[in-house]
1. Highest mean first, what order results for 39-52, 13-26, 161-174, 58-71 on Cβ atoms within 10 Å?
2. Charges on Cβ only, +1 for Lys and Arg, -1 for Asp and Glu, centred on the Cα centroid of the range 140-185; of 179, 143, 155, which one is farthest towards the dipole's positive end?
3. Treating the beta-carbon of each Lys and Arg as +1 and of each Asp and Glu as -1, no other charges, what is the dipole magnitude of the chain about its Cα centre, to the nearest 20 debye?
4. Pick out, from 88, 109, 51, the residue whose Cα sits farthest towards the positive end of the charge dipole of the chain, with +1 on the Cβ of Lys and Arg and -1 on the Cβ of Asp and Glu.
5. Can you tell me the length gained on complete extension of the stretch residue 56 to residue 175, counting 0.36 nm per residue apart and subtracting the Cα distance?
6. To the nearest 20 Debye, how big is the dipole of the range 140-185 about its Cα centre, given +1 on the beta carbon of each Lys and Arg and -1 on that of each Asp and Glu?
7. Can you pull the one-decimal nm distance between simple spin-label points at residue 136 and residue 80, each 7 Å off the Cα toward Cβ?
8. Given springs between every Cα pair under 10 Å in a Gaussian network model of the chain, which of 145, 188, 72 has the largest fluctuation?
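Bear in mind these aren't lab numbers, they're just calculated from the coordinates by the rules spelled out. Bear in mind that the values here come from a model prediction, so they are computed numbers and not experimental data. Glycine gets a Cβ as well: all are built from the backbone with ideal geometry, and neighbour counts include every protein chain shown.
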Amino acid sequence: MKASFSGEVATYYARHRRGYPPEALDALVGAFGLSAEDTVVDLGCGTAQLSLPLAARVGTVIGVDPEPDMLVLARQAALDAATVNTVWMLGTDNDLPALGRLLDGRTIGALTAAVAIHFMDRDALVRASYRYAESSVRYDAPLTVDDMVGGVFSALSTDRLPSTQGRATFAAEVRDALGGRDEVTERVRVWLQFGTPD
């Protein structure tokens, strides 16, 4: 994984990246048979969009991300939500062997990669699984212009973020393209890919 989401980009990420619907969490928990006894590693956890709702369903979530600013915001979100079963670690997929040694043989119930999968070798992850399955969850959700624009800015590296005026101009252009509307309904499809060792 490569670190590039810092500063204002991390703030846009925390504010405007959509989380996951309960149905996606149900599918994840069901696929791995997760319970309050399990530890889950959320690799590329960002600002905790998956880590925090997952923490409500398992024993512990270890959020791992290469960007310190993302982890600061994830930790703050956990504190704000009074979530006490999360741990935040600066690292990448390359640090997983060391994390395994640190956990001293404790079984990991699942490793999630969410949107960070594009930073990893997806094919290698699939090959490491003996059983692989895909499913998806569809739902409709409101999407504001601020969230559209913020979502775009959350995907840029800090050095590519437009000036304050450029951001305002872009937001105005999006609003104009929507005929002055400030909100639309987005049809969302979340793809879930599961790989298990047995």
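1. Working: 39-52: 24.5, 13-26: 16.6, 161-174: 12.4, 58-71: 22.1.
Sorting 39-52, 13-26, 161-174, 58-71 by mean packing, highest first, produces 39-52, 58-71, 13-26, 161-174.
2. The one lying farthest along the dipole's positive direction is 155.
3. Computed about the Cα centre, the dipole is about 140 debye.
4. Going by the Cα projections, it comes out as 109.
5. Working: separation 119, 0.36 × 119 = 42.84 nm, distance 3.66 nm.
Between residue 56 and residue 175, full extension yields an extra 39.2 nm.
6. Values: 4 positive and 8 negative charges, 36 e Å.
That gives a dipole near 180 debye.
7. In this crude label model, residue 136 to residue 80 measures out at 3.1 nm.
8. 188
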